Amino acid sequence: VQVDRSEVIKSNLNPVFAKIFTVDYYFEEVQKLRFEVYDSHGHAGLGTHDDDFLGGMECTVGQIVAQKRVTKPLFLKYGKFAGKSTITVISEEISGNNGYVELAFRAKKLDDKDLFSKSDPFLEIYRLDDDGGEQLVYRTEVVKNNLSPIWEPFKVSLNSLCSCEEKRKLRCVVWDYDSRGKHDFIGEFFTTFEEMQKAMGENKVQWDCVNPKYKIKKRNYKNSGVVVLLDLKIHRVYSFLDYIMGGCQIHFTVAIDFTASNGDPRNSCSLHYINPYQPNEYLKALVAVGEICQDYDRSVAPAGPPGPSQPSDGPSQIFPCSDKKFSALGFGARIPPKYEVSHDFAINFNPDNDECEGIQGVVESYQSCLPKIQLYGPTNVAPIISKVARVAADEERTKEASQYFILLILTDGVVTDMADTREAIVRASYLPMSIIIVGVGNADFTDMQILDGDDGVLRSPKGEPVLRDIVQFVPFRDFKNASPTALAKCVLAEVPKQVVEYYSYKAFPPRCP
């Protein structure tokens, strides 16, 4: 489906297109995009037979927002480089809520509009919109019988105040209240949020409150009073995209249950049986969730075309990309060489580096480790939660929003070490970490719902509650007949909120907001 088309830029081999493409973003989905570039001959719409295809590029929305700026080579048909042509796509969030501002105003020596008493002033703030119209942002309370009122401090969102544009004009009007609704105009002034910010700290900003009619009629007229901004406090509210586009990476770890209750992997009834024609439930869940997370762990790598057809004389350019390395762990098995039970071993059997190259690397390590291990037990998951939590704790000490950790636990039964698991989850809720548990097979997972916390706050055995709800549990059987994307949507939908909750609690701003 064609989303949109840019304008045509004539006679230019390095065009910068002004057209902005607006797309909805969903962290929990793989949103594939294809960009195609044409040399337009101007006879009809773009993409017709009259136009020359200059090259195309495919990526996901996740890759673009994770890197903010994506540069990739253009390819012709069959994966052939389009010379040295590249395309650069830049992303920015347009619907974010940048927080709110707290303002405290007073006025001095306002005109007296009442005959037998002093004015009863109130202040209104209007945002001037692009269409020339005005939108009332805030109206203060009325201060009775006072020509130098001090209004109560108030809060407004930056979106309401100035559409998050600091230079947008604001019109501020002071009225003398009338109980019949016929308020008397005292004066007005114009400003911007950019100018208001000079009032931060010990500074104050003031404006002449001007009645335009008096200014015309009275020769020595200066103002109808002065309005002073006593204090301004900005409370930033960052979105998930603010953190991702600021450089926060999502580190993905998968933990696989190798307890004996899964059945002998050589038996077709086993949950670990490798069917050459149909992936088992463990692999289906792993791929569904991993395909989303792989776009958010960045490194720098050489670009290449999709597939083995890369010409050897192609351009050797370096582009930022996802490194797609996943930590892959196992638990509940006897492992070589001593065949002792382990609850947190690397399935690639490299204790110094448990990372695998992408989803396919995890799949290959999983398949190759099955003949080498003995499925055993019990189903203890606290050791793996604690292992990932230790890495997350090291990250927390940096006091930066640079890495967030997602642990995907795939298990066929209720955990044996429930008390230790609850304790580990409570500890992890204070760290940059989320836990997704997918129940594989037909076991009774009722007790696992306790860990999810949806039916009440999860507590440690000593009664300490979790700081944040970081666990999402789903039985795979609920998605057995659905597409893999349905499972990913369900288990990952809460992650953006969990990321924001954690960094908001820690008061860590995005690294590059």
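The values are calculated or read from the model by the stated rules, or taken from the named source; none is laboratory data. Note that the structure is a prediction, hence the values are computed from the model and not measured. Cβ coordinates were reconstructed from backbone atoms using ideal geometry, including for glycine residues, and neighbour counts include every protein chain displayed. Just the protein is used for accessible areas: all its heavy atoms, side chains included, with ligands, DNA and RNA removed. Shrake-Rupley method; radii C 1.70, N 1.55, O 1.52, S 1.80 Å.
Kirkwood Rh over Cα pairs of the range 1-94 into Stokes-Einstein at 4 °C, 1.567 mPa s: D in µm²/s?
Working: Rh = 14.5 Å.
Calculated translational D: 89 µm²/s.
So if I place +1 on the C-beta of Lys and Arg and -1 on the C-beta of Asp and Glu, and nothing else carries charge, what would the dipole magnitude of the range 1-94 be about its Cα centre? I want it in debye, nearest 20.
Roughly 420 debye, rounded to the nearest 20.
In whole percent, what relative contact order does the range 100-235 give with Cα contacts below 8 Å and a gap of six or more residues?
30
I'd like to check one number: the per residue accessible area of the chain, probe 1.4 Å, reported in Å² as a whole number. Display every interim value, and only then the final one.
Working: 26790 Å² over 513 residues.
So the chain comes to 52 Å² accessible per residue, rounded to a whole number.
For helix 382-396, report the angle its Cα long axis makes with the longest principal axis of the Cα atoms of the chain; keep it between 0 and 90° and round to the nearest 10°.
Once rounded, one gets 40 degrees.
Roughly speaking, what is the stretch gain from ILE20 to LYS222, that is 0.36 nm per residue apart minus the C-alpha to C-alpha distance, in nm to one decimal?
Working: separation 202, 0.36 × 202 = 72.72 nm, distance 4.62 nm.
Additional length available on full extension: 68.1 nm.
Take the solvent-accessible surface of the protein heavy atoms, probe 1.4 Å, and return the percent of it on the range 100-235 that carbon and sulfur atoms account for.
It is 46 percent, rounded to a whole number.
Please state the charge dipole magnitude for the range 165-205, taken about the Cα centre, from unit charges on C-beta atoms (+1 on K and R, -1 on D and E), reported in debye and rounded to the nearest 20.
Charge dipole, the range 165-205, about its Cα centre: 100 debye, nearest 20.
Residue farthest toward the positive end of the dipole of the chain, with Cβ of Lys/Arg at +1 and Asp/Glu at -1: which of ALA288, VAL471, VAL37?
Comparing the listed Cα positions along the dipole, VAL37 ranks first.
Output the relative contact order of the chain, whole-number percent, from Cα pairs under 8 angstrom with separation of 6+ residues. Mind dumping the intermediate values first?
Values: 1076 pairs, mean separation 66.2, N = 513.
Contact order relative to length: 13 percent.
Taking the chain as the reference, fit the longest principal axis to its C-alpha atoms, fit the long axis of helix 358-369 to the helix C-alpha atoms, and give the angle between the two in degrees, 0 to 90, nearest 10.
30
Report the calculated FRET efficiency for LYS182 and SER160 (r = Cβ-Cβ distance, R0 = 41 Å), to the nearest 0.05. Intermediate results must be reported in sequence, preceding the final value.
Details: r = 27 Å, r/R0 = 0.67.
The formula returns an efficiency of 0.90 here.
Please tell me which of these pairs span more than 24 angstrom C-alpha to C-alpha: LYS325/LYS480; LYS118/LYS182; LYS68/LYS233; LYS109/LYS182?
Details: LYS325/LYS480 27 Å; LYS118/LYS182 16 Å; LYS68/LYS233 29 Å; LYS109/LYS182 22 Å.
Over 24 Å Cα-Cα: LYS325/LYS480; LYS68/LYS233.
Rounding to the nearest 20 debye, state how big the charge dipole of the chain is about its Cα centre with +1 on each Lys and Arg Cβ and -1 on each Asp and Glu Cβ.
Details: 59 positive and 70 negative charges, 363 e Å.
With only Lys, Arg, Asp and Glu charged at Cβ, the dipole is about 1740 debye.
From the phi of every residue in the range 81-86, what ³J(HN,Hα) in whole Hz does the Karplus formula 6.51 cos²θ - 1.76 cosθ + 1.60 yield, where θ is phi - 60° and glycine or proline is x?
Each residue of the range 81-86 in turn: 4, 8, x, 9, 5, 10 Hz.
Identify the trypsin sites (Lys or Arg not before Pro) of the range 334-399 meeting these criteria: DSSP loop state and at most 12 other C-beta atoms within 10 Å of the C-beta. Spell out each step's value before the answer.
Numbers: sites: ARG334, LYS338, LYS372, LYS387, ARG390, ARG397, LYS399; in loops: LYS338, ARG397, LYS399.
Within the range 334-399, the qualifying trypsin sites (Lys or Arg not before Pro) (loop, at most 12 other Cβ atoms within 10 Å) are LYS338, ARG397, LYS399.
Give the lysines whose C-alpha is closer than 27 Å to that of LYS462, dropping any in the same chain fewer than 8 places away, or say none.
LYS387, LYS506
Report, to the nearest 10°, how far helix 495-506 tilts away from the longest principal axis of the Cα atoms in the chain, using its own Cα long axis and a range of 0 to 90°.
60
Can you bin the chain into rounded, prolate or oblate? Criterion: square roots of the alpha carbon gyration tensor eigenvalues sorted a ≥ b ≥ c, rounded for a/c under 1.5, prolate for a/b above b/c, oblate for the rest. The partial results should precede the final answer.
On the way: a/c = 3.17, a/b = 1.64, b/c = 1.93.
It is oblate, given that a/c is not under 1.5 and a/b is not larger than b/c.
Assuming R0 = 56 Å, what is the FRET efficiency of LEU33 and LEU115, from their Cβ-Cβ distance, to the nearest 0.05? Could the numbers behind the result be given before it?
On the way: r = 68 Å, r/R0 = 1.22.
In this case the efficiency is close to 0.25.
Rounded to the nearest 0.05, what FRET efficiency is calculated for ARG171 and ALA419 with R0 set to 51 Å and r the Cβ-Cβ distance? Kindly include the intermediate steps, with their values, before the conclusion.
Details: r = 62 Å, r/R0 = 1.22.
Taking R0 as 51 Å, the efficiency between ARG171 and ALA419 is 0.25.
Label 7 Å along Cα→Cβ of ASP52; the range 61-79 residues with amide nitrogen under 17 Å?
Residues passing the 17 Å test: 74-77.
Could you tell me what percent of the DSSP beta bridges with both partners in the chain are antiparallel, to the nearest 5? Walk me through the numbers on the way to the answer.
Details: 71 of 97 bridges.
Around 75 percent of the beta bridges assigned by DSSP in the chain are antiparallel ones.
Holding the Cα-Cα limit at 21 Å, pick out from LYS113/LYS213; LYS113/LYS222; LYS167/LYS215 the pairs that are longer than that.
Numbers: LYS113/LYS213 15 Å; LYS113/LYS222 17 Å; LYS167/LYS215 26 Å.
Checking Cα-Cα distances, LYS167/LYS215 exceed 21 Å.
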